Amino acid sequence: MKILKIGSVKAHSGSKVSEALFVADRPAHPLHMPFTIINGVNEGPLVAITAGIHGTEYVGIAAALDLIQKLNPKDVSGGLVIVPVVNIPGYEWRSKCTCPVEDDYSGTRNINRLFPGKSDATIAHQIAHVLYNQIVSKANFLIDLHGGDIYEYIVPCSMAYTKGDKEFDFKVAELARYSGLEYCIRRGIENLDGRLTVEAAKIGVPAITIECGDHGVIDEQKVNLALDAVMNILRYLNVLAGKPKEYPYPKMIKGMVVVRAKKGGLLRSHVRLGSNVSAGEKLGEIQGLDGGVKEAIISPVDGLLIQWSSNPSVTSGESVVEIAEFG
């Protein structure tokens, strides 16, 4: 690409440029979204790589920063636009899942339910609008980096959204395969409006979500796992030179079953994360402050124990575990 332009920022062929996009005015100072353009020396696709839509999913953020540091434009065909932290308020305020600025008195919002966003709404909508319109809509492919937030443990996996178009769905499946991750949550885009990768699919941008990391901790092994997944996808897309590693297609997860606590108390797990469980199996229990068991946590289905709450102090109605069903 001779010149790659994002907003008013231009990157010439063979250059790496770090800048920020204006998002919104705030009472004291404007909000900007940081990004780095890596414009390669040869022709190729434009790949958007995003992280930090949830500002405390630190493994994805760390992997994005490592990519910025590691990649040399001389080794790139096409271009990369890397956004290491989309949700700057959530990152600064250490807010799980949400943009921590109240949305016209209706509470805080999960930005990954608001895409493509709005330019004339509150700050969470504006963040979504700028990312989607200035970066994602210009890309040929999207890699969105997530992971276990500060309240959860999660088995590393990918997430892929299909739309019933054979050629498009094949591209998405190949992104999941070349990530090298063992499991993939694969769903159609129906009734999932607002998610970044779903909205990307609607405009023909094949996308993959990489889920690596746990409970607000930077585990360098999981950073490297996410980094390896992205690098291998970039080799598959011929953005980076070299033969990509060949992997079998991941085990496809057709749905997630959420188990919620009926009682409040202290959550005690009996089954290790990543275990295959059976319907009716006891996964753990909730203990009252008198030492007694208030509730047994029972798996309602056969599947993979893919997510545990990392905060053992639970309230009734709260999600404590998720079971992945294969199909």
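Scanning region 103-131 for residues that are more than 18 Å from residue 56 (Cα to Cα), surrounded by fewer than 19 Cβ atoms within 10 Å (Cβ to Cβ) and either in contact with a Pro (Cβ under 7 Å, 6 or more places away or on another chain) or not hydroxyl-bearing (Ser, Thr, Tyr) (or both) yields a total of 6.
Specify the residue that is farthest from the chain's Cα centre (by Cα); the eligible residues are those in region 19-32 that are closer than 17 Å to residue 121 by Cα and surrounded by 16 or more Cβ atoms within 10 Å (Cβ to Cβ).
Restricting to residues being closer than 17 Å to residue 121 by Cα and surrounded by 16 or more Cβ atoms within 10 Å (Cβ to Cβ), the top hit is 24.
Taken across region 160-172, residues that are within 14 Å of the chain's Cα centre (by Cα), assigned by TED's automatic domain parsing to the domain that holds residue 215 and farther than 26 Å from residue 89 by Cα do occur, with at least one present. Evaluating residue 309 against the criteria (1) more than 20 Å from the chain's Cα centre (by Cα); (2) farther than 30 Å from residue 169 by Cα; (3) touching a residue at least 12 places away in the same chain (Cβ under 8 Å) leaves one unmet condition, (1). Against the conditions (1) assigned to a strand (DSSP E or B); (2) farther than 15 Å from residue 306 by Cα; (3) aliphatic (A, V, I, L, M), residue 257 satisfies every one except (2). Figure legend. Inter-residue proximity from region 259-285: first residues in contact (Cβ under 8 Å) with a residue 60 or more places away in the chain, second residues among the aliphatic types (A, V, I, L, M) and part of a loop (DSSP other than H, G, I, E, B), beta-carbon distance below 9 Å, spacing 6+ or different chains. Indicated pairs: 273/155; 274/155. If the condition is being on the phi < 0 side of the Ramachandran plot and touching a residue at least 40 places away in the same chain (Cβ under 8 Å), then region 81-97 contributes 81, 82, 83, 84, 85, 86, 87, 88, 89, 95, 96. Here 224, 238, 232 are screened, and the one residue that is crowded, with 17+ Cβ neighbours inside 10 Å and out of contact with any Asp or Glu (no Cβ under 7 Å at 6 or more places or on another chain) is 232. Listed by position, the strands (runs of 3 or more DSSP E) enclosed by region 1-113 that each have at least 3 residues that are under 28 Å from residue 220 (Cα atoms) are 15-24, 31-39, 42-51, 77-83. Here residue 242 fulfils each of the conditions (1) part of a helix (DSSP H, G or I); (2) among the small types (Gly, Ala, Ser); (3) without any contact (Cβ under 8 Å) to a residue 24 or more places away in the chain apart from (1). Annotation: of all residues in region 225-266 being closer than 16 Å to residue 206 by Cβ and β-branched (Val, Ile, Thr), the one that is nearest to the chain's Cα centre (by Cα) is 230. Inside region 162-195, residues that are more than 27 Å from residue 275 (Cβ to Cβ) and in a strand (DSSP E or B) make up a count of 2. Filtering region 217-254 to residues that are at positive phi and either outside the structural domain of residue 41 (by TED's automatic domain parsing) or in contact with a Pro (Cβ under 9 Å, 6 or more places away or on another chain) (or both) leaves only 238.
The values are calculated or read from the model by the stated rules, or taken from the named source; none is laboratory data. Computed from a predicted structure; not experimentally measured. Heads up, the Cβs are rebuilt from the backbone with ideal geometry, glycines too, and the neighbour counts pull from every protein chain shown.
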